[in-house]
1. Of all residues in segment 105-120, count the ones that are in contact (Cβ under 8 Å) with a residue 24 or more places away in the chain and either closer than 24 Å to residue 6 by Cβ or surrounded by 13 or more Cβ atoms within 10 Å (Cβ to Cβ) (or both).
2. Please tell me if residue 30 is of a type in the set (S, T, N, Q), modelled with pLDDT under 95 and over 14 Å from the mean Cα position of the chain (by Cα).
3. When residue 43 is evaluated against the numbered criteria (1) at negative phi; (2) not in a helix (DSSP H, G or I), which criterion, by number, is the only one it fails?
4. Would you check which residues across segment 81-108 are within 18 Å of residue 52 (Cα to Cα), assigned to a helix (DSSP H, G or I) and among the hydrophobic types (A, V, I, L, M, F, W, C) and list them?
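The values are calculated or read from the model by the stated rules, or taken from the named source; none is laboratory data. Because the structure is predicted, anything quoted here is derived from the model rather than measured. When we count neighbours, we look across all protein chains shown, and the Cβ atoms used for this are built from the backbone with ideal geometry, even at glycine.
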Amino acid sequence: KRVGLYPDDPFVALEADSVVNTIVELYDATYPVEFAEKDEVMKRTTQETLNHDVFPRTLERLEQRAQGPYFAGPTITFADVFLLDLAENHVGSFPGQLKLNLAAYPKLGAIVATLHASHELKAHYAKKSE
C-alpha cells in the first residue's frame with residue numbers, strides 16, 4: 001500500500017492476492033529442488049516436471065486471468081511485480097535448469113516486458129544499487 005501497488009478496490013485486491021498466491025506456489029515448488037535436493041537424478045526429473053508440466057499449466061491459467069495490460073486491468077499492482085520477479089530473478093537464478101517460455105503467453109510476456117522497460121523501476125533499482 002505504501003508504494004501504491006496494492007489495489008484499493010477489494011475485488012481487484014482479491015484478484016491480485018490470488019495471482020500472487022499462484023506465483024508463490026511456483027516458488028514453493030522450485031525451492032526444494034533447487035536448494036535441498038541432493039540426488040541429481042531426482043533433481044533433473046523434478047526440473048523436467050516443473051518445466052514441461054507445472055510451469056506451462058500454471059502460466060496458462062495466469063494468462064487467462066490477465067484482464068488488461070496488467071493482471072488486474074489498466075493499473076499495475078504488486079501481482080505484476082511478482083510475475084516480473086518470477087521471470088527475471090527466480091527463474092533467472094537457475095539458467096538452464098528452470099525455464100519459462102513467456103513467448104507462449106503473450107499477455108504475461110507483455111506484462112514482464114512493460115515492467116522491465118519501466119523508467120520508474122529502473123530508477124528504483126539504480127538508487128538501490130548505489
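1. Summing the residues that are in contact (Cβ under 8 Å) with a residue 24 or more places away in the chain and either closer than 24 Å to residue 6 by Cβ or surrounded by 13 or more Cβ atoms within 10 Å (Cβ to Cβ) (or both) in segment 105-120 gives 9.
2. Considered against the rule, which asks whether it is of a type in the set (S, T, N, Q), modelled with pLDDT under 95 and over 14 Å from the mean Cα position of the chain (by Cα), residue 30 comes out as no.
3. (2)
4. Across segment 81-108, the qualifying residues are 86, 87, 91, 102, 103, 104, 108.
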